[in-house]
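Colleague: One structure, as structure tokens, below. Some questions next.
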Amino acid sequence: MISRAGLVLNPGQVADLVLAWRQVAQLSTLISRDRPLADDFAITFRLSPPQSKKRAAAKPRAAAAPPNPSAKSNMKPSVKRSARAGTLKPPARRKTAQKRR
Amino acid sequence: MKGIVPAFPTIAEAARLIATKRLSPVELTRMLLARIELVNPKLDAFITVTADRAIAGARAAERAVRAGRKGPLLGIPLAYKDIFETAGVRTTAYSRLLTGNVPERDAESVRRLSAAGAPMLGKLATHEFAIGGPAFDLPWPPARNPWDPRRFTGGSSSGSGAAVAAGLCLGALGSDTGGSIRLPAAYCGIAGLKPTPGLVSRRGVIPLAPSLDTVGPMAWTAEDCAILLDALAGLDPGDPASVAGPEVSYARSIASPVKGMRIGVLRQFYERDVPASPDVQRMMTASLAIFRSLGCRVEDATLPPVRDYNAVGRIIISAEAYAMHEANLKTRLSDFSRVFRVRVLAGGLLRAADYLAAQRRRTDLIATTARLFERFDALIYPATAGAAPMLTEQRPDDGFLRPLLTTVANVAAVPALVVCGGRTSAGLPLGLEIMGPAWGDAAVLRLGHHFERAAGTRSTRPPL
């Protein structure tokens, strides 16, 4: 295994590696593999969906809109309150923003 | 400016004094530099002291205050773990391999704090490349615990923990992959936050295991961590993991009441999974009583065993750290410390299937932990099973042998704050960990702040 990994070790380093490897290998056996392999790896590299013609046409309008320096002021008071309390979840907020667009 | 310099001001106290022109940033910085000169030889917390840069930064802050600029970090001297790149200042990661490494730019987090007006006092000790333990075969000695210099600081943000506790700087930055902010916070008796992944940019910070690495603040109080987080948080397009985060002022929201908050106690963690010392058990009993007195609803909660989270975390860290350092491990192996080799080299023997199994199991653990947060606003447990051990008791393979309670939050991708929960009969600090749901950083800081005030653990500094 050591030569396959391309490592050149002196005897002391081999002893250290054996010590560490035993523990790492033991840790690895603790990891449950019960869940069957499905499509986990496919979603890792999921691409954004292609833009529809309607959305593509809408994009220049959005880009041409003047920047809003006070984005906060557009927030509803209830949203502001929850933002102050730190309970706002950014992913949910982004989705909402996309829907509005 | 007439200087009134308290012995150990917190960031919040110093900011108020500076804003009202009762404390001069230059005098504060000079006082800290003098203390570093006096105390650092006992603690080895600083690897590099940047006195000229600190004074120049303090002078600039003083000019800004005179010109009417305000800000909670204006003139607040900070220091950075030596894996944060700093323009023109050597950044070694405590490794022989980087003894001559002088970056051209500041890490994004350092840049943000500098832009907020914080002078940089210097660079702080770490474990080599932020992994392992105290090593005596490196060019620099390991940091020592200010409460008892024979003892371990915890790591890998070892210098950050020691420097803040000893009052050598008002705040510091650390990084946390399996507990590297929270372990030194616990052993040194300070506050340290591992934020939600993506909340603080990691650009310009030497990586350890990118799928678990986070950057966060360390300071004397949870309130000071909140002040630092306000400056640190925010989208950085230069870090692919960066997220905009909630629009919230962590410092302003910290005083909101905690009455009615639902707190889950992970009793299994410290009674069964990693049995804690009697001192820690007592600290937990007292902490639960404090949260109840604050009006929180405290109930027992259960998660998968700590060893499940640890196995996943250790396999991911071993594999990714080996990958990051593979080229040097093959050509300059003897330049690394022994403890680094023991912790990292085995990653080269792991199979791809082992690594993928760990990543897949991590997604399960993230989902399981998130489900528990539907019932609770925060979960609490001790940060460690006991007080800081002696430096001589540390073994190179400790990270494998003893499961770390702190690694749970890294694997679960949630924020976790450690505050000082109490002290042992010998006076050593004990850390209480408060874990929140993803993006619940503000709530976690708020709970920590109210706990600190009620517990009264912030009045005593190490007897140096």
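A short reminder: the numbers here are calculations on the coordinates, not readings from a lab. A quick note: this is a predicted structure, and the numbers were derived from the prediction, not measured. Heads up, the Cβs are rebuilt from the backbone with ideal geometry, glycines too, and the neighbour counts pull from every protein chain shown.
Colleague: Among B:Val49, B:Phe152, B:Ala327, whose Cα sits farthest toward the positive end of the charge dipole of segment B:11-455 (+1 at Cβ of Lys/Arg, -1 at Cβ of Asp/Glu, about the Cα centre)?
Modeller: My answer, from the dipole projection, is B:Val49.
Colleague: How about segment B:87-171: which GluC sites (Glu not before Pro) there lie in a loop by DSSP and see at most 10 other Cβ atoms within 10 Å?
Modeller: Here the GluC sites (Glu not before Pro) that fit, given the DSSP loop and packing criteria, are B:Glu104.
Colleague: Oh, and also: Output the pairs from B:Lys42/B:Lys81; B:Lys194/B:Lys259; B:Lys81/B:Lys194 with a Cα-Cα distance over 22 Å in this structure; if there are none, say none.
Modeller: B:Lys194/B:Lys259
Colleague: Enumerate by residue number the trypsin sites (Lys or Arg not before Pro) in segment B:135-223 meeting two conditions: DSSP loop (anything except H, G, I, E, B), and at most 16 other Cβ atoms within 10 Å of the site's Cβ.
Modeller: Passing both the DSSP loop test and the Cβ count: B:Arg150.
Colleague: Over what distance in Å are the Cα centres of segment B:217-233 and segment B:238-301 separated?
Modeller: 17
Colleague: With +1 on the Cβ of every Lys and Arg and -1 on the Cβ of every Asp and Glu, and nothing else charged, how large is the dipole of the protein assembly as shown about its Cα centre, in debye rounded to the nearest 20?
Modeller: 2340
Colleague: Rounded to two decimals, what ratio of Rg to Rh does segment B:159-249 give with C-alpha atoms and a Kirkwood Rh?
Modeller: Here the Rg-to-Rh quotient is 0.96.
Colleague: Can you give the average number of partner chain beta-carbon atoms within 10 Å of each beta-carbon in peptide B:284-293, as a whole number?
Modeller: Taking the mean over all residues of the peptide, I get 0.
Colleague: Which of rounded, prolate or oblate describes segment B:206-320 when judged by the alpha-carbon gyration tensor and an a/c cut-off of 1.5?
Modeller: Oblate, since a/c reaches 1.5 and b/c is not below a/b.
Colleague: Using C-alpha positions alone, give me the convex hull volume of the protein assembly as shown per residue in cubic angstrom.
Modeller: 162
Colleague: Among B:Ser201, B:Ser211, B:Ser256, which comes first, then next, by fewest other beta-carbon atoms within 10 Å?
Modeller: B:Ser256, B:Ser211, B:Ser201
Colleague: If every alpha-carbon in segment B:338-419 counts as one equal scatterer, what log10 I(q)/I(0) does Debye give at q = 0.20, 0.24 1/Å?
Modeller: -1.12, -1.23
Colleague: Taking the Cα centre of chain B as the origin, how large is its charge dipole in debye, to the nearest 20, when only Lys and Arg (+1) and Asp and Glu (-1) carry charge on their Cβ atoms?
Modeller: 820
Colleague: Show me, bin by bin at 20 Å from 0, the whole-percent P(r) of segment B:11-455 based on Cα pairs.
Modeller: With a bin width of 20 Å, the distribution comes to 28, 61, 11, 0.
Colleague: Answer rounded, prolate or oblate for segment B:324-464, using the Cα gyration tensor with square roots of eigenvalues a ≥ b ≥ c: rounded when a/c is under 1.5, else prolate when a/b is larger than b/c, else oblate.
Modeller: Taking the square roots of the gyration eigenvalues as a ≥ b ≥ c, segment B:324-464 is oblate.
Colleague: Per residue of the protein assembly as shown, what 222 nm ellipticity follows from adding -39500 (n - 2.57) for every DSSP H run with n ≥ 4, rounded to the nearest 500?
Modeller: -12500 deg cm²/dmol
Colleague: Segment B:251-327: which trypsin sites (Lys or Arg not before Pro) are DSSP loop and have at most 12 other beta-carbon atoms within 10 angstrom?
Modeller: Taking segment B:251-327 and a limit of 12 other Cβ atoms within 10 Å, the loop trypsin sites (Lys or Arg not before Pro) found are B:Lys259.
Colleague: Provide the packing ranking of B:431-442, B:319-330, i.e. peptides ordered by the mean count of other C-beta atoms within 10 Å per residue, highest first.
Modeller: B:431-442, B:319-330
Colleague: Suppose the Debye formula is applied to equal point scatterers at every Cα of segment B:117-194; what is log10 I(q)/I(0) at q = 0.22, 0.25 Å⁻¹?
Modeller: Log-scaled intensity ratios, in q order: -0.93, -1.18.
Colleague: Counting partner chain Cβ atoms within 10 Å of every residue's Cβ in B:345-358, what's the average?
Modeller: 6
Colleague: With viscosity set to 1.567 mPa s and temperature to 4 °C, compute the Stokes-Einstein D of segment B:152-198, Rh being the Kirkwood radius across alpha carbon pairs; µm²/s, no decimals.
Modeller: The diffusion coefficient I find is 127 µm²/s.
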